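See structure below.
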């Protein structure tokens, strides 16, 4: 007989034991000189396309250093390592943007970065890691292979592990994006905040920040239906295993982390899922109307809007974090 | 015996008789509520790629209404029509972005817009005109055919002609972009301002503004070598005829206008030319590093940097106006 899995109840105190707004503010003070305060774009054409009087605001983390919000968390984690911890460098595993972010942050700190990447990772993302001076170690494209390779390097080199999402420093760092966004949204604020969810670093950080700064803002996680572990886990309270690399949204293939799950279960209002075709349609729509390059993962919240999955009050102001823009321009999905 | 062509000497007084900074400021007051104050982006990666300590600032008119700076001039012209002039609508000829801009401005004014477009115009640009309620009339892809079709419509309908570039109101409107840009560049200012040149509305407006607001800023026109009428005319002082549709930069196929030529000859410091391959390379480089969609015409100044055509002092701050982002995503040039 197997024990029934532990069902996690929404518990704000548990969430607060992981990351608080104070941590997010401290992270912002630590990193703001090294990141872009990315712009917020709007488009009447896109608003009209979504309909229902929607007013959409897009926080363009595709313009962030390394082309993704991941620069926030990685720098927050690496800049606060004690000298002794940092001395032997850092190690991480990532399918892409976190990898480049760790390489950049390590280079700024003047320490080596060992990056475990799945053999199948996007070649543009691999090239970015190399460009920032990271040392890539390839592995099989499974969560277990990634974690064990990173652990082996940690033991061999003494490098400090910088997890991609299941980490207080990473969650706090990613939360700085919502901090800026809510400020940039001005006095009218945001009724909704739509965020893609993979490992849950950005969604958890966003929820911590939004619920503290602007409690009325609904925070909604958006996930490919093909890798819907977060949606199912959020609904039933039981952390779900990863589902393998079967979505075009290559940044969202990992399962939720433990810490992320606790925060998300406590503070997020809803997690919705979208089809692969909607992701492609949404990506193209954003390219065409906002004139910006976003990667498939970043299109997931827009896909949720296209699918009518986001219940919106009339004239709602919806903030969408466009998470990254690292795309292989020779392999577009249309 | 043919008479020798009139050689135009650089004449600031002649330029000032066409457009002044006061006209540009008046234009900005007229249109600022109806345009985006487009953001200025920078990229260390792109700076490094260009080398020489370059610091590049990109004014993103690809995010402008209708996806191009043309929204500025068209609205400036159409908003200042007297009621009687506006009553019968407006007519223009354009290969694309000016067409959409006139359609948008006319819709805002509540009047019809007749748009003469070459049969060969980019289908995305045609679709935009239709979306903004413009009535397209197709013509052969020559300057003469465009102008005569527009004139015929003007006579038949009484519509007011809104020329695409050879017009004081258009030049002043396009100059508002440089007005914002120089302000956004902050106290460090801009050492160089690089602008694509086709009909010369943007280049002329930029030169008027820059030379009045920031006289030390060098203003450089950038043109495809395949349609180098502006470069040759600038060099010899004789206005050159159009060269036909033989560049990928579909926004730059027209010849300089008369007014534009007078202003450019007086106030612009240099006009450089670039190859078609450099334009494609530059376009892709901007997509990849800035994560934004620009059309080939907008890539021309970046192509000039890639070709080493722009003499830059060390640590120069170069402002580049990214003029538009209307691209057929199904027909990318790589």
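One residue stands out among those in region B:89-118 that are over 20 Å from residue B:146 (Cα atoms) and more than 20 Å from the chain's Cα centre (by Cα): the one that is surrounded by the most Cβ atoms within 10 Å (Cβ to Cβ), which is B:111.
Can you tell me which residue is nearest to the other protein chains (Cβ to nearest Cβ) among those in region B:120-135 that are under 21 Å from residue B:86 (Cα atoms) and in a loop (DSSP other than H, G, I, E, B)? Selected residue: B:132.
Every residue, every condition in (1) outside any helix (DSSP H, G or I); (2) in contact (Cβ under 8 Å) with a residue 40 or more places away in the chain, yes or no:
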{"residue": "A:10", "(1), (2)": "yes, yes"}
{"residue": "A:15", "(1), (2)": "no, yes"}
{"residue": "A:19", "(1), (2)": "yes, yes"}
{"residue": "A:26", "(1), (2)": "no, yes"}
{"residue": "A:30", "(1), (2)": "no, yes"}
{"residue": "A:33", "(1), (2)": "no, no"}
{"residue": "A:38", "(1), (2)": "yes, yes"}
{"residue": "A:45", "(1), (2)": "no, yes"}
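Within region B:71-99, work out how many residues are within 14 Å of chain A (Cβ to nearest Cβ) and within 15 Å of residue B:250 (Cβ to Cβ). The qualifying residues number 1.
Of the residues making up region A:27-55, those that are buried (at least 16 other Cβ atoms within 10 Å of the Cβ) and away from chain B (no Cβ under 14 Å) are A:27, A:28, A:30, A:31, A:50, A:54, A:55.
The residues of region B:240-260 that are farther than 14 Å from residue B:196 by Cα and either buried (at least 22 other Cβ atoms within 10 Å of the Cβ) or in contact with a strand residue (DSSP E or B) (Cβ under 6 Å, 6 or more places away or on another chain) (or both), listed by number, are B:257, B:259. Kindly establish whether residue A:327 is modelled with pLDDT of 95 or more and touching a helix residue (DSSP H, G or I) at 6+ places or on another chain (Cβ under 7 Å). Considered against the rule, which asks whether it is modelled with pLDDT of 95 or more and touching a helix residue (DSSP H, G or I) at 6+ places or on another chain (Cβ under 7 Å), residue A:327 comes out as no.
Taking the stated definitions as given, is residue B:152 assigned by TED's automatic domain parsing to the domain that holds residue B:103 and farther than 15 Å from residue B:98 by Cβ? Taking the combined requirement at face value, the residue satisfies it.
Against the conditions (1) touching a strand residue (DSSP E or B) at 6+ places or on another chain (Cβ under 8 Å); (2) touching a residue at least 40 places away in the same chain (Cβ under 8 Å), residue B:135 satisfies every one except (2). The single condition among (1) in the same structural domain as residue A:152 (by TED's automatic domain parsing); (2) modelled with pLDDT under 95 that residue A:82 does not satisfy is (2). One residue stands out in region A:310-320 among those that are modelled with pLDDT of 95 or more and out of contact with any helix residue (DSSP H, G or I) (no Cβ under 6 Å at 6 or more places or on another chain): the one that is surrounded by the fewest Cβ atoms within 10 Å (Cβ to Cβ), namely A:317.
Yes/no per residue for (1) under 21 Å from residue B:171 (Cβ atoms); (2) in contact with a strand residue (DSSP E or B) (Cβ under 8 Å, 6 or more places away or on another chain):
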{"position": "B:14", "(1), (2)": "yes, no"}
{"position": "B:34", "(1), (2)": "yes, no"}
{"position": "B:58", "(1), (2)": "no, yes"}
{"position": "B:67", "(1), (2)": "yes, yes"}
{"position": "B:76", "(1), (2)": "yes, no"}
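Evaluation of residue B:157 against the conditions (1) closer than 28 Å to residue A:43 by Cα; (2) at pLDDT 95 or above shows that the sole unmet condition is (1). Of everything in region A:280-307 that's within 12 Å of another protein chain (Cβ to nearest Cβ) and either part of a loop (DSSP other than H, G, I, E, B) or without any contact (Cβ under 8 Å) to a residue 24 or more places away in the chain (or both), which residue is nearest to residue B:68 (Cα to Cα)? Among them, the one singled out is A:291. Taking residue B:310, is it away from chain A (no Cβ under 14 Å) and assigned to a loop (DSSP other than H, G, I, E, B)? Against the criterion (away from chain A (no Cβ under 14 Å) and assigned to a loop (DSSP other than H, G, I, E, B)), residue B:310 qualifies. Annotation for region A:321-332: at least one member residue is in contact (Cβ under 8 Å) with a residue 24 or more places away in the chain and away from chain B (no Cβ under 14 Å). Of all residues in region A:273-282, none are crowded, with 24+ Cβ neighbours inside 10 Å and closer than 26 Å to residue A:172 by Cβ.
The values are calculated or read from the model by the stated rules, or taken from the named source; none is laboratory data. From a predicted model like this one, the values you see are computed outputs, not experimental measurements. Backbone-built Cβ (ideal geometry, glycine too); neighbour counts: all protein chains shown.
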